[in-house]
Amino acid sequence: MGTEEWARHWRYDRLPDTDLLRARYIRHTFPPHAHDGYVFAAVTGGVEEVGLPGGVLRAGAGSVVMINPEVAHTARAGAPEGWAYATLYPAVGTVAAIAAETTALRGTAGFPEPLVHDSEAARLITGVHRAAEQGNALAADSLLRVAVARLLRLHGGPLPARPVRTAGARNAARAREILLERMTDPPTLEQLAAELGTSPFSLLRAFRERYGMPPHAWLTSARVRRARGLLEDGVPPARAATAVGFADQPHLGRHFRRIVGVPPGAYQRERARTYKTGRKGRP
């Protein structure tokens, strides 16, 4: 697999609402974070350790990691040589459309088991990347739909609703709203708890149970997510950093690379390109 880390995070403009990440990591670790869409990661070499609410999973070559929207997770190397993978991040609407056309699932589609050994699905996922990098829109779109349909058919099911019943869960949801509203000047945990009429430790516990990470970690992930949108709109990284509440561009850069897997400048450059004929990525 080589001895260097590398990564390419991009979007092929002829794929429906799907981000792509192909990378090899050795020392890089992903802190707790979540995505608003799905994650389908085909491990092609080494071992990836994925931390999820249910425990830590070890994914080797031929495995596919499937993470539902808004599920907090971490990732790091599970072997000295690190891990290599090809990942698809399709939007909720894209998966819903494929599910409606190819399955009888009712409600939002989900994946109860986050790790499966499915070499054919892994081959399809890497095939999407290969076709996109070659500028073959017909193949990339076809393989994406076949891959997602296969994962839904063999490993999918209805995503259980998570009703907000307890006072703690309601406080966690309201705290999340407040943090989004005041992203650039968030309250302290004590101030947030007082505003909600609860104690700091009760709020901390409820928030972690609901969102899989403490409020400060969730806020960092949310800031990076919002910064991604600004970078995609062409906002310079320094301005994007202060717009979402980071102290400066280096502060954004540290957290952005940890969570997204590439620096903000590289992320923005990839988004600025028009992939009509495709461009070869790192092998």
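For this structure, a couple of remarks:
- For the stretch 1-93, a crude dipole built from +1 on the beta carbon of Lys and Arg and -1 on the beta carbon of Asp and Glu, taken about the Cα centre, is about 160 debye to the nearest 20.
- Over the chain, relative contact order from alpha-carbon pairs under 8 Å, at least 6 apart, %: 20 percent
- Normalised per residue, the volume of the convex hull around the Cα set of the stretch 57-213 (Å³): 162 Å³
- Using only Cα coordinates, the Kirkwood hydrodynamic radius of the stretch 191-273 works out to 13.8 Å.
- Think of each Lys and Arg Cβ as +1 and each Asp and Glu Cβ as -1; about the Cα centre, that makes the dipole of the stretch 1-52 roughly 160 debye.
- Where only DSSP H runs of four or more residues are counted, the chain gives -14000 deg cm²/dmol as its mean residue ellipticity at 222 nm, each run worth -39500 (n - 2.57).
- Which of Ala241, Thr166, Ala217, positive extreme of dipole for the stretch 123-246 (C-beta unit charges): Thr166
- Built from the Cα atoms of the stretch 112-153, the convex hull projects on average onto 2.9 nm², one quarter of its surface area.
- The stretch 24-98: trypsin sites (Lys or Arg not before Pro) in DSSP loop, at most 10 other beta carbons within 10 Å: Arg27
- Surface exposure of the stretch 145-226, expressed per residue as accessible area with a 1.4 Å probe, stands at 56 Å².
- Amide hydrogen proximity for Gly37: with H placed 1.01 Å from N in the peptide plane, the residues at 5 or more positions away or on another chain lying under 5 Å are Glu70.
- Taken one residue at a time, the phi angles of the stretch 145-151 give Karplus couplings (6.51, -1.76, 1.60, θ = phi - 60°) of 5, 5, 5, 5, 4, 5, 4 Hz. Gly and Pro are set to x.
- Centre separation in Å (Cα based) which lies between the stretch 241-263 and the stretch 190-217: 24 Å
- Database remark: amide H of Leu115 closer than 5 angstrom to the amide H of Met66 (H placed geometrically; neighbours at sequence offset of 5 or more, or on other chains; Pro and chain starts carry no H).
- Note on Arg153 and Ser199: the model spin-label points, each 7 Å out from Cα along the C-beta direction, lie 5.4 nm apart.
- Among Thr198, Gln268, Leu52 - extreme Cα towards positive end, dipole of the chain, charges at beta-carbon: Gln268
- Surface exposure of the stretch 1-57, expressed per residue as accessible area with a 1.4 Å probe, stands at 39 Å².
- The residue among Tyr89, Gly107, Ala75 whose Cα reaches farthest toward the positive pole of the charge dipole of the stretch 50-126, with charges on the beta-carbon of Lys, Arg, Asp and Glu, is Ala75.
- Distribution of pairwise C-alpha distances over the chain, 10 Å bins, in %: 6, 27, 35, 24, 7, 1
- Across the stretch 218-231, computed HN-Hα scalar couplings (Karplus, 6.51 cos²θ - 1.76 cosθ + 1.60, θ = phi - 60°) run 4, 5, 4, 4, 5, 4, 5, 4, 5, 4, 4, x, 5, 4 Hz from first to last residue, x flagging Gly and Pro.
- Computed about the Cα centre, the dipole magnitude for the chain is approximately 280 debye when only Lys and Arg (+1) and Asp and Glu (-1) carry charge, each at its Cβ.
- Sequence-distant residues sharing a close amide H with Gly110 (under 5 Å, placed H): Gly157, Leu159
- Fraction of accessible area attributable to carbon and sulfur, the stretch 43-194 (%, probe 1.4 Å): 53 percent
The values are calculated or read from the model by the stated rules, or taken from the named source; none is laboratory data. Keep in mind the model is a prediction, meaning the values are calculated, not measured. Virtual Cβ from ideal backbone geometry, glycine too; neighbours counted across all protein chains shown. Accessible surface is based on the protein model in full, side chains and every heavy atom, while ligands, DNA and RNA are left aside. Shrake-Rupley method; radii C 1.70, N 1.55, O 1.52, S 1.80 Å.
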